[in-house]
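Step one of this worksheet: look at the structure below.
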Amino acid sequence: MTGFAQRRARLRVNCALAALGLAALLAGCASPGGAGGTSGKADLPTLSDATAAQKRAQIRMQLAVGYYEQNQLAVALDEVKKAIAADPDYADAYGMRALIYMGLGETVLADDNFKRALQLAPNNPDIANNYGSFLCQNGRAAESLRWFDAALASRQYASPAKALNNAGSCALKVKDVDRAEKYLLQALQRAPDQPSTNANLARVYYERGDVSRANFFITRLGKIARADSLTADVLWLAIKVQHKLGDQGAEQGWATQLRRHHAASPEYAAYQRGAFDE
């Protein structure tokens, strides 16, 4: 990699660290008392407090995130292992390794690394949210909700809308529609143009039989998201909403998008056989 490319990669990595919540590298590095202070509280840690080993670990972590973003998972795994070797108590590195193992389909190893990360940093909201997402994706949706709640309880959490939407989606998986609605309306307040939040709210109201309100969010979804970015299940939901309303033109429009982008999907097969109430 050229020097220029390396500098560009580092810039991308720094952004990724912020997005993934992997920048809190120095927890527990402050001294027991502030310099000359009387409050008895430790100073907030800064980069200058990091040991040489922690700085080496941080560099390896930045490389790991960069490779992870490029889907070079084996290389990312090697770099994060080096980060942990340099700093065995680096919670974010275990969280990163868990994400890599998720990508590799190694669910047992991912689970172990999430647990280790949370053992080292029990109040880290990003790790809690990522663990909740992992549980929800692996058939443990009911268990996932406590981790989203833990993330949301943290004042340090920079992206609560993400956890709120994740929690709403997982609550829907366990048929807790009321709880899902609560999470998702809060997510909507924070990020009104997030397509997944609008899609999930449409699902909430469709499940409730409130088709008019479901259509409100489907209509919003059509304005804020490209059809080719929507999953087959969301397009199928849009079709079913229009079918319930008797709007054949809108139904055909969504059906065209489903056929165009997901012709081989089970949802399109269900549409073809008219299985609107399955």
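Since every read-out is calculated from the coordinates, none of them should be taken as a lab result. Here the structure is a predicted model, which means the values were calculated and not measured. Virtual Cβ from ideal backbone geometry, glycine too; neighbours counted across all protein chains shown.
Return the FRET efficiency for the residue pair Arg140, Asp193: r is the Cβ-Cβ distance, R0 is 22 Å, and the value is rounded to the nearest 0.05. About 0.15, to the nearest 0.05. Taken along the Cα-to-beta-carbon direction at a fixed 7 Å, the label points for Ala52 and Phe216 span 6.3 nm. With all pairs of separate Cα atoms included, the stretch 95-181 yields a Kirkwood hydrodynamic radius of 12.7 Å. Each Lys and Arg contributes +1 and each Asp and Glu -1, all at the Cβ; summed about the Cα centre of the stretch 52-146, the dipole is approximately 160 debye. A Förster radius of 22 Å combined with the Cβ-Cβ distance from Asp277 to Leu245 puts the calculated FRET efficiency at roughly 0.90. With the simple spin-label model, which puts each label point 7 Å out from Cα in the Cβ direction, the Leu104 to Gln156 separation comes to 2.8 nm.
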